[in-house]
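The values are calculated or read from the model by the stated rules, or taken from the named source; none is laboratory data. Everything numeric in this text was worked out from a predicted model, so none of it was measured. Cβ placement follows ideal geometry from the backbone for every residue including glycine, while neighbour counts extend to all protein chains displayed.
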Amino acid sequence: MIIIQGILFILLLTAIAIYFRYFSHQIIGRIIVLAMGCVLFIFILFPPTANYVAWSLGIGRGVDLIFYLAHAFMLIIVGLLYIKLKEQQSILTELIRKIAIEFSRQKTDGK
Amino acid sequence: MKSENIFIIVPTYNEAAVIQETLQPLIDGGYSVVVVDDGSTDETYAKIKQMPVHIIRHIINLGQGAALQTGMEYALSRGADIIVHFDADGQHDHHNIGHLLRPILEKRVDVALGSRFLNKEHARQIPLAKRSLLRLATLFTILVSNISLTDTHNGFRAFSRNAAEKIKINENRMAHASEILHQIAKKKLSYTEVPIQVLYTEYAKNKGQSISNSINILIDFLLGRFLR
């Protein structure tokens, strides 16, 4: 039990560190990830807490609660990644457009 | 108005087989023709280089929506008074350009949209599956964009300078057709539909949109609207 808790603890810490280092520099994103990290730390260190919260919400088992939360979290991540991808695509499009127009203008104007 | 101030935007991607045939009548008409080569990998670029047209070349393929926006920005920077969208695959009849221009030249509207359904004879020439799909798209556009038209996915359209300055196509691929209509409604631009004929040649049919791709277009448009 102690070993699996240790592994999960390290994995979670690594995931949060990667998120902070590479993904978001927005304060709201960092607060949300930090809050979720704290909840998960509590669930890892004190497993009965998940059961208690699940029971209070009428879900039943703690593992079900974590399963639902994981799905919701994954969907949010997919949505955020989609937006990020669109932003990158938009930047790339603008860049290609600017190059194309500038190049065409230079050719037409003979510069 | 001088015809050289009327800019015809022709987005093209791998249309070497028909591009010169498509462009020649536009050049003969005295219009300023802007060909946006959207990263073609065939002989398209070599063929358009031989013609007296403005050429803009995307270094990679971005999609028809992106090519149209590039063409519009270029045309506006060159002093265009009217901008017309025209397909490169030979589906559009250049004789219809005058019909599209008239309501704008008479300053009755900002945007003239081509419609295949206003003329019953023309409508009958549309393949049945395509016709049903277009009817569904029309219904969808009425629901989502609150703009009532008979043909919502017709790429043959004309914009006054005022309208072209207000419209910004963000959907790179085929969802731009819905996006343009949405922006016309949102920016309260005046518009009218003009009967035009679409020529369903074997070549154009092979290059046209499949039903499965229509579903992709729908998803792209909805995601673009709600997740932008």
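Suppose we filter B:Ala88, B:Ala80 for residues that are of a type in the set (A, V, I, L, M), touching a residue at least 60 places away in the same chain (Cβ under 8 Å) and within 14 Å of another protein chain (Cβ to nearest Cβ); which single one remains?
Values: B:Ala88 fails: within 14 Å of another protein chain (Cβ to nearest Cβ).
Step by step, each of B:Ala88, B:Ala80 is checked, and only B:Ala80 is of a type in the set (A, V, I, L, M), touching a residue at least 60 places away in the same chain (Cβ under 8 Å) and within 14 Å of another protein chain (Cβ to nearest Cβ).
Of all residue pairs spaced 6 or more apart or on separate chains, those with beta-carbon atoms under 7 Å, a first member in the stretch B:35-59 that is away from chain A (no Cβ under 11 Å) and a second member that is assigned to a loop (DSSP other than H, G, I, E, B) and buried (at least 22 other Cβ atoms within 10 Å of the Cβ) are B:Thr44/B:Glu15.
Looking only at the stretch B:153-169, decide whether some residue is within 18 Å of B:Leu223 (Cα to Cα), modelled with pLDDT of 90 or more and crowded, with 20+ Cβ neighbours inside 10 Å. Within the stretch B:153-169 (the criterion being within 18 Å of B:Leu223 (Cα to Cα), modelled with pLDDT of 90 or more and crowded, with 20+ Cβ neighbours inside 10 Å), the answer is yes, since at least one residue qualifies.
If you check B:Glu21 against the conditions, is it within 17 Å of the chain's Cα centre (by Cα), closer than 27 Å to B:His153 by Cβ, among the acidic types (Asp, Glu) and more than 12 Å from chain A (Cβ to nearest Cβ)? Break it down into steps so the answer makes sense when it comes.
Numbers: within 17 Å of the chain's Cα centre (by Cα): no; closer than 27 Å to B:His153 by Cβ: yes; among the acidic types (Asp, Glu): yes; more than 12 Å from chain A (Cβ to nearest Cβ): yes.
Spelling it out, it is not the case that B:Glu21 is within 17 Å of the chain's Cα centre (by Cα), closer than 27 Å to B:His153 by Cβ, among the acidic types (Asp, Glu) and more than 12 Å from chain A (Cβ to nearest Cβ).
Within the stretch B:60-77, being more than 10 Å from every other protein chain (Cβ to nearest Cβ) and more than 20 Å from B:Tyr45 (Cα to Cα) holds for one residue alone: B:Leu76.
To keep it simple, each residue is scored yes or no on (1) more than 17 Å from the chain's Cα centre (by Cα); (2) modelled with pLDDT of 95 or more; (3) of a type in the set (Gly, Ala, Ser).
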position: B:Phe7; (1), (2), (3): no, yes, no
position: B:Tyr13; (1), (2), (3): no, yes, no
position: B:Ile27; (1), (2), (3): yes, yes, no
position: B:Val34; (1), (2), (3): no, yes, no
position: B:Ser40; (1), (2), (3): yes, yes, yes
position: B:Ile48; (1), (2), (3): yes, yes, no
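Here is the figure for the stretch A:56-86: residues that are surrounded by 11 or more Cβ atoms within 10 Å (Cβ to Cβ) and within 14 Å of chain B (Cβ to nearest Cβ) total 9.
Evaluate the following for B:Ser178: is it in a helix (DSSP H, G or I), surrounded by 14 or more Cβ atoms within 10 Å (Cβ to Cβ) and modelled with pLDDT of 75 or more?
Details: in a helix (DSSP H, G or I): yes; surrounded by 14 or more Cβ atoms within 10 Å (Cβ to Cβ): yes; modelled with pLDDT of 75 or more: yes.
So B:Ser178 fits the description; yes.
Step by step: first the residues of the stretch B:101-130, then only those that are assigned to a helix (DSSP H, G or I) and touching a Lys or Arg at 6+ places or on another chain (Cβ under 7 Å), then the one that is surrounded by the fewest Cβ atoms within 10 Å (Cβ to Cβ). Which residue is that? Step by step, filter the stretch B:101-130, then rank; the result is B:His122. Listed by first and then second residue, the pairs with beta-carbon distance under 9 Å, at least 6 apart or on different chains, first residue in the stretch A:95-109 and more than 7 Å from chain B (Cβ to nearest Cβ), second hydroxyl-bearing (Ser, Thr, Tyr), are A:Arg105/B:Tyr74; A:Arg105/B:Ser77. Reported count of residues in the stretch A:18-47, each being among the aliphatic types (A, V, I, L, M), surrounded by 11 or more Cβ atoms within 10 Å (Cβ to Cβ) and under 14 Å from the mean Cα position of the chain (by Cα), is 4. Filtering the stretch B:77-100 to residues that are in contact with a helix residue (DSSP H, G or I) (Cβ under 8 Å, 6 or more places away or on another chain), among the small types (Gly, Ala, Ser) and surrounded by fewer than 24 Cβ atoms within 10 Å (Cβ to Cβ) leaves B:Ser77, B:Gly79, B:Gly90.
In this structure, is A:Leu40 more than 12 Å from chain B (Cβ to nearest Cβ), in contact (Cβ under 8 Å) with a residue 40 or more places away in the chain and hydrophobic (A, V, I, L, M, F, W, C)?
Working: more than 12 Å from chain B (Cβ to nearest Cβ): yes; in contact (Cβ under 8 Å) with a residue 40 or more places away in the chain: no; hydrophobic (A, V, I, L, M, F, W, C): yes.
Here the answer is no, as A:Leu40 does not meet what is asked.
Taking strands (runs of 3 or more DSSP E) as the structural unit, no element lying wholly within the stretch B:1-98 holds at least 3 residues that are of a type in the set (Asp, Glu).
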